[in-house]
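J.: Handing you a structure now.
Please treat every number below as a calculation from the coordinates, not as lab data. What you are looking at is a predicted structure, and each value in this text was computed from that prediction instead of being measured. Heads up, the Cβs are rebuilt from the backbone with ideal geometry, glycines too, and the neighbour counts pull from every protein chain shown.
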Amino acid sequence: MADPLRIRVNGRDWPVRASPDTPLLYVLTNELELHGPRFGCGLAQCGSCSVLADGVEIRSCVTPVAAVANRSITTLEGLPAWYAEQKGLSSPPALHPLQQAFIDVQALHCGYCYNGMTVKGAELLANNPSPSEADIRKTMNGHLCRCGTYPRVMKAIQLAARAIAGGTP
Amino acid sequence: MSEPAAQSLGQAGSRLSRRKLLKAGGALIVGFAFAGQATAAPAAATARGTLAGPPDPERIDTWLAIHADNTATLYFGKCELGQGNTTGLLQIAGEELDLAMSQMAAVRLDTNVTPDQQATSSSSSIERGGPQVRAAAAEARQALLLRASQKLGVQVGSLVVAKGVVSIDGEPNRSVTYGELIGDKPFAIKFTGTAPRKPPSQYKLVGTRVPRVDIPDKVAGKYVHMQHVRVANMLHGRVVRPRGQRAYGSGAKVKDLDEGSIAHIPGARVVRRGDFVGVVAEREWDAIRAAKELKIAWQDPPLLPEQPHLPIVLRDAQSTDTVVVNVGNVDAGFAGAAHVASARFFSPYQAHAVFGPNCALADVKADGALVLSSTQDVYASRKMLATLLGMPDERVRVQYYEGSGTYGHSCYEDAPQAAAIMSQAVGRPVRVQFMRWDELGWDNYGPAQVAAVRAAVDDDGNIIAYTYDGWQHGWHTDETSTELALQKTPPERSAGSFSIIVNRMSTGSMYRIANRRVTSHAVPMAGLLKGSPLRSPLDMALSFASEQTIDELAFAVKMDPFEFRRKNMGDTRWLGVLEAVAKAASWIPAPAASRRSHAEIVTGRGIAVGTHHVSYGAAVAEIEVNTRSGTIVAKRLYGALDCGLAVNPALVENQIVGMLVQATSRMLKEEVTFDHNGVTSLDWASYPVLRFAEHPDCTPIVVQRIDEPSSGAGEEVMGAAGAAIANAFFDATGARLRQYPLTPERVRAALAGRNTGN
């Protein structure tokens, strides 16, 4: 029997039981029992399943697990550590600054889309520390929110950008 | 094979088998019994959770428990949908009990645990659920003070309470805590009916901007949505249906099913009951593949009408008519008119389009069932499941797990019924996750409506006559899973609920109109699509038609639309929201369409009012119209809401923002499409909603009325917001759009002077 497929998620290696064609999402939710990535459409249309692969946002619902075997996956749960690594912090903060900003502006309703909003927003802030409103609208456009919280996601990303610039946390 | 524990990823697994007990507020609150009846519950849990509910609503213990550590557990019958009602209800309880937010926690809804407060619908959590919670908390406080007075040897009137510490007024050292008075023991008394409530003037917690209790876990990825729940030994299930529902009443009839067609998928098997077809498999991906690859042929369905003919079909149907309002003499009113505005409007079928399709988990055994779902009414859900499973209600236990926002009757009953059917068939727990096309294609849509509105104004700008006629069908009664499994067409719900008929509140009630008639024409649903309440049911259609007509009257008498509305309103609360929204928007009076430009991109602003059944909503919209492409961009929306006493203005503001954005989506983008065979809106490409780049800036305004009873705050700005956008389009272009969504094609047609009405 061949060695089982392994994936690296949030800094840890995991053996995969699923067949190699299984979308990453179902491995993360059923084998690793993560609550960040979640099913929304299975069609890469909504962003609820988003994770980072080597720091780049991908849709785990359409990405075969075998395709990420050699890449480093970061999920919502791993964002504080991912942020700490970028910033050279000695230990991860409890929350990524964007997560804290979502609390500060009381952005959520049901919160189901916030996995994607957080993962994509964190990617944006890593690439562009002071995004304009137009940057945010463009970058976040692949992430749907049915509750209508876009205005507060916008506000939170701007708040998080200021917090990061100000050195907090 | 041993694996690292999930917890090492910083994430607690959600397998219920690992979590026999939940802890909240330091107290043991519920034992999970996976069979319908009690298993050995830990002693500390006492009897709670071991018996089928609903518990007696007249008993204090039904609503709350006080623990030895001076914390409290609250038992609500209204579920958290992301609207923040748990936070609001805790504020109400904490206010009457004099407990801080940090001392309280609520448990999930559970038919073995929580009281029956009816469905979490119609924005009723605070309006109708709040007074029940307030009453229970007041009764508990009274009982606790009685105990304290005996313990401290003084009259109840000499006692004061802060954070659950009862002390003698002026002698703070002589005190006793709630926890010391009753700690974890039952009150064991019924309501006295004499417990005093705090007067609103003394509120310290109610009326304040307490942060939502559910948000921290949601942002951290620790929250357990229904879609996260896994249990030991479960199978993954998927429903197998034609992609897109067919003409209502015809269900979907299996013609040919080849079970062998999925034999190559490990562990996959078909579950069939009547025309209900599902597949189960050990692994989720295998269940998805099996549902996709199963060879199944369906009988040809009866034909649906051509979608463009829908307005004519509704208008010409044999309807059952109800005169909802008839005051004065409309014929006489119109006879004296200086100007009459009259037009026909059309509103499409729209979907709940929940962002995360519904999910449910059922464990059905011979002697009972446990079903986990995102139902908005655990007790009604239990009854339906019991019927489907052939069990007494008491043998079925339903627990609520929040799903993705639902905005009305999405597939949140259909998914648990599908899970229950499959679990009963295979004898193991089954988790059913609806796929995107299941949820959108078999949703219970907000019904389409044709409206004919006629209104008249005199020379002085007084509205003197008004008629509204609406043609729409009602709601279904049974879920699709039941309908398919039992192979019977459920009756249409044609009576007994006021939302399926034209709502008198949204049709001119806000104005002083001496002669007014509102007529509802109930059209049979058979042969059309399955209908059900969608956030602010029918109100977007009603306000779209009614408030554009009011705007036309203002235009006819060359008045500013805000001033015209103000002149015709008598009610101070309607005036309150109208003036509040105009002020926030820095509204400068001018007749509509008086500042048009010939640029390619033109701008406009509109104002409108509306509600659902209670509360008072008003909105202003500022839009841009690209006259060449036909694209409308909603730049900024303002929404004002008077919901009486706003228990938490921050929650209401967040609801207003959500309503403004969702109403923009429904006004500009959303329409369920279908062809002769069935619905063709099956994903986010075929049912587009407002995207991030398209969202308006939003300004919420809460008109706080501390001495008025609280009323709904989750729906009542939808109609005003949509109509304000439509009125802004007229202001920008001088053309009226009488059918939504306001798509580029319809805009271009209107600007080309073609008829867009019906």
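J.: For chain B, what's the relative contact order in percent, using C-alpha pairs closer than 8 Å and at least 6 residues apart? Don't jump to the answer; show the numbers that get you there.
T.: Working: 1880 pairs, mean separation 106.3, N = 758.
Relative contact order for chain B comes out at 14 percent.
J.: Within chain B, what's the longest stretch lacking GluC sites (Glu not before Pro) that sit in DSSP loops with no more than 16 other Cβ atoms inside 10 Å? It would help to have the intermediate numbers written out before the result.
T.: Details: sites that count: B:Glu58, B:Glu282, B:Glu306, B:Glu600.
Longest stretch, sites excluded: B:307-599.
J.: So for the protein assembly as shown, taking the charge dipole from beta-carbon charges (+1 Lys/Arg, -1 Asp/Glu), which of A:His109, B:Tyr349, B:Ala593 sits furthest toward the positive end?
T.: A:His109
J.: Could you grab the relative contact order for the stretch B:621-691? Cα pairs under 8 Å, six or more apart, rounded to a whole percent. Show your work: numbers first, answer last.
T.: Details: 59 pairs, mean separation 14.8, N = 71.
It comes to 21 percent, rounded to a whole number.
J.: What per residue convex hull volume, in Å³, do the alpha-carbon atoms of chain B yield?
T.: Details: hull volume 129.5 nm³, N = 758.
Hull volume normalised by residue count: 171 Å³.
J.: Still on this structure, please answer the following. Spin-label point model (7 Å from Cα, Cβ direction): what's the A:Leu89 to B:Glu394 distance in nm?
T.: With each label placed 7 Å out from Cα toward Cβ, I get 5.5 nm.
J.: What residues have an amide H closer than 5 Å to that of B:Gly408, excluding those fewer than 5 places away on the same chain, when H is modeled at 1.01 Å from N in the peptide plane?
T.: The list, which skips near neighbours in sequence, is B:Arg535.
J.: Among A:Thr74, B:Asn444, B:Gly508, which residue has its Cα positioned farthest towards the positive end of the charge dipole of the protein assembly as shown, with +1 placed on the Cβ of Lys and Arg, -1 on the Cβ of Asp and Glu, and the dipole taken about the Cα centre?
T.: Positive-end residue among those listed: A:Thr74.
J.: Rounded to the nearest 500, what is the 222 nm mean residue ellipticity of the protein assembly as shown from helices alone, with -39500 (n - 2.57) per DSSP H run of 4+ residues and division by all residues? Don't jump to the answer; show the numbers that get you there.
T.: Numbers: 24 runs with 256 residues, N = 927.
One gets -8500 deg cm²/dmol as the mean residue ellipticity at 222 nm.
J.: Just subtract the alpha-carbon distance of B:Asp184 and B:Val426 from 0.36 nm times their residue separation and send over the number in nm, one decimal. Before the final figure, lay out the partial values.
T.: Working: separation 242, 0.36 × 242 = 87.12 nm, distance 4.10 nm.
My answer for the length gained is 83.0 nm.
J.: Testing the spin-label approximation: label points 7 Å from Cα along Cα→Cβ at B:Lys163 and B:Lys488. State their distance in nm.
T.: A separation of 5.9 nm, rounded to one decimal place.
J.: Under 16 Å Cα to Cα from B:Lys295, which lysines show up? Leave out anything in the same chain fewer than 8 places away.
T.: B:Lys253, B:Lys255
J.: Where in the stretch A:130-145 does the amide nitrogen come within less than 12 Å of the point 7 Å from the Cα of B:Ser629, taken along Cα to Cβ?
T.: No residue qualifies, since no backbone N sits under 12 Å from the label point.
J.: Oh, and also: Please sort by residue number the chymotrypsin sites (Phe, Trp or Tyr not before Pro) in the stretch B:449-543 whose DSSP state is loop and whose Cβ has at most 11 other Cβ atoms within 10 Å. Don't skip to the end; give the middle numbers.
T.: Numbers: sites: B:Tyr466, B:Tyr468, B:Trp471, B:Trp475, B:Phe498, B:Tyr511; in loops: B:Tyr511.
Here no loop site has a sparse enough neighbourhood.
J.: Which lysines have a Cα lying under 17 Å from the Cα of B:Lys567, excluding residues fewer than 8 positions away in the same chain?
T.: Straight-line reach from B:Lys567, under 17 Å: B:Lys558, B:Lys583.
J.: Can I ask one more? Give me the one-decimal nm value for the distance between modelled label points at B:Ser686 and B:Asp331, 7 Å along each residue's Cα-to-Cβ direction.
T.: Using points 7 Å along Cα→Cβ, the separation is 5.0 nm.
J.: For the stretch B:389-435 and the stretch B:145-220, what is the separation of their C-alpha centers, rounded to whole Å?
T.: Comparing the Cα centres of the stretch B:389-435 and the stretch B:145-220, I get a distance of 39 Å.
J.: Follow-up. For the stretch B:59-66, just list the computed ³J(HN,Hα) in residue order, Karplus coefficients 6.51, -1.76 and 1.60, θ = phi - 60°, integers in Hz, with x standing in for Gly and Pro.
T.: For the stretch B:59-66, the Karplus-derived couplings read 10, 4, 4, 5, 9, 7, 9, 9 Hz, x marking Gly and Pro.
J.: Under a Cβ-only charge scheme (Lys and Arg +1, Asp and Glu -1), can you give me the dipole magnitude of the protein assembly as shown about the Cα centre, in debye to the nearest 20?
T.: On the way: 94 positive and 89 negative charges, 140 e Å.
Charge dipole, the protein assembly as shown, about its Cα centre: 680 debye, nearest 20.
J.: Let me ask something else. Compute the label zone of B:Leu146 within the stretch B:169-194: residues whose backbone N is under 11 Å from the point 7 Å along Cα-to-Cβ.
T.: Residues B:188-194 qualify, since their backbone N sits under 11 Å from the label point.
J.: Amide H to amide H, which residues 5 or more places from B:Ala106 or on other chains are under 5 Å from it, using H placed in the peptide plane?
T.: Those qualifying (amide H under 5 Å, at least 5 residues apart or on another chain) are B:Leu74.
J.: Apply the Karplus parameterisation 6.51 cos²θ - 1.76 cosθ + 1.60, with θ equal to phi minus 60°, to every residue of the stretch B:482-491 and state each ³J(HN,Hα) to the nearest whole Hz, in sequence, with x for glycine and proline.
T.: Each residue's phi maps through the Karplus curve to give 5, 4, 6, 5, 8, 6, 9, 8, x, x Hz.
J.: Please give the charge dipole size of the stretch B:526-590, origin at the Cα centre, charges +1 on K and R Cβ atoms and -1 on D and E Cβ atoms. Round to the nearest 20 debye. Numbers along the way, then the final one.
T.: Values: 8 positive and 8 negative charges, 33 e Å.
That gives a dipole near 160 debye.
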